[in-house]
Amino acid sequence: MDRKPEAMSYFCKQISLFSHVNDVEGKCETIQHILAEKQANNERESCFMLCQMRREIAGEEGNDCLQVDLLS
């Protein structure tokens, strides 16, 4: 049984709790996984939102490596 869509839906509902997570690198990595899934499904609006979110998170940290990784 493929429960991936159900798991993805549940995870996306939890995204509002991201502000309580202190691991910036982990946040960016998590968003990248969601972004890959949205790209595979050709969900452009979601991809745009996730890219903006990831850029903001990387910028908050001020970590140049994170910001460069975001561009690649």
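The values are calculated or read from the model by the stated rules, or taken from the named source; none is laboratory data. All figures in this text were calculated on a predicted structure; none of them were measured in a lab. Note that each Cβ is placed from the backbone with ideal geometry, even for glycine, and that neighbours are counted across all protein chains shown.
State all residues of region 1-32 that are modelled with pLDDT of 80 or more, hydrophobic (A, V, I, L, M, F, W, C) and part of a loop (DSSP other than H, G, I, E, B); if no residue qualifies, say none. Answer for region 1-32, where residues must be modelled with pLDDT of 80 or more, hydrophobic (A, V, I, L, M, F, W, C) and part of a loop (DSSP other than H, G, I, E, B): just 21.
Against the conditions (1) at pLDDT 85 or above; (2) of a type outside the set (Lys, Arg); (3) assigned to a helix (DSSP H, G or I), residue 42 satisfies every one except (3).
Residue 37 meets each of the listed conditions (1) over 22 Å from residue 59 (Cβ atoms); (2) in contact with a helix residue (DSSP H, G or I) (Cβ under 9 Å, 6 or more places away or on another chain); (3) without any contact (Cβ under 8 Å) to a residue 24 or more places away in the chain; (4) of a type outside the set (A, V, I, L, M, F, W, C) apart from (3).
The residue that is nearest to the chain's Cα centre (by Cα), counting only those in region 13-43 that are surrounded by 14 or more Cβ atoms within 10 Å (Cβ to Cβ) and of a type in the set (A, V, I, L, M, F, W, C), is 31. Across region 63-72, not a single residue is classified as at pLDDT 75 or above, touching a Cys at 6+ places or on another chain (Cβ under 9 Å) and crowded, with 16+ Cβ neighbours inside 10 Å.
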